[in-house]
1. What FRET efficiency comes out for Q83 versus M193 if R0 is 41 angstrom and r is the Cβ-Cβ distance? Round to the nearest 0.05.
2. Can you give the three extents of the C-alpha atoms in the range 2-217 along their principal axes, from longest to shortest, in whole Å?
3. Give the distance, in whole Å, between the Cα centre of the range 22-59 and the Cα centre of the range 184-216.
4. With a point put 7 Å past each Cα toward its Cβ, work out how far I161 is from I21 in nm, to one decimal.
5. Over the range 2-217, what is the relative contact order in whole percent, taking alpha-carbon pairs under 8 Å and six or more residues apart?
6. Using a basic spin-label model with each label point 7 Å from the Cα along Cα→Cβ, how many nm lie between A31 and S45?
Amino acid sequence: MIALFFRDLKLSIRAGGGAMIGVLFFMTVVAVIPFGVGPDLNLLSRIGPAILWIGALLASLLGLDRLFQAERDDGSLDLMLMQETPLLFTVFVKCAAHWAATGLPLVIASPLLGLFMNMSEIAIGATMLTLLIGTPAITFIGAVGAAVAVSLPRGGLLVSILVLPLAIPVLIFGVSAVYAAIEDPAPFLPPLMILAAITLFFAVIGPVAAAAALRHASD
């Protein structure tokens, strides 16, 4: 499992630019917002957490269709299905490696982009924490979409269509937790705990559903 993690980590970084493409897309989405809403620093500070979360969500969708594509192209997907290790464990490790290569750099880049949006220190810290907790859920959801579209030659658009509606609760509670941290009367812990519960839920359901979809695709 450890060898598989580092193998997939290297493949995720190399394939299509890996983490750099996601971070550049994240930065691009955030950078164009001030040109649309104007140079109002107070407005940018208010909408900053939501913009960072939307940018991270869209950037996380990049490359999800390649989660199992390499194994399908070289034929190792059949070996994954026949190996003694349960397929859901293999899928979980692949999701963890994919998040470490594509999701974690977004979390690391968020404080810099938070400064660009004139966000306060508390808002930046809360955004980074919620992204750290919430972005793995997007990867686990994306694993299901990638498994469904693994047999399609161009399944990238289909994966995004499947993943985006399921990722909306992650976005809602991630942004709610950040605004709760900024606004004193609003409780910060409840939306953060719900966000963590969503991630844990998809960490269990995602690999199981993805493994079932992979087995169905191979039949």
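All of the numbers you see were taken from the coordinates with simple rules; none came from a lab. Owing to the predicted nature of the structure, the values given are computational and were not obtained by experimental measurement. FYI the Cβ positions are ideal-geometry reconstructions off the backbone, even for glycines, and counts take in every protein chain you see.
1. Details: r = 36 Å, r/R0 = 0.89.
With a Förster radius of 41 Å, E is 0.65.
2. 56, 33, 29
3. Taking the Cα centre of each part, the range 22-59 and the range 184-216 sit 25 Å apart.
4. 2.1
5. On the way: 283 pairs, mean separation 57.7, N = 216.
Dividing the mean separation by the residue count of the range 2-217 yields 27 percent.
6. Once both label points are built, they end up 2.5 nm from each other.
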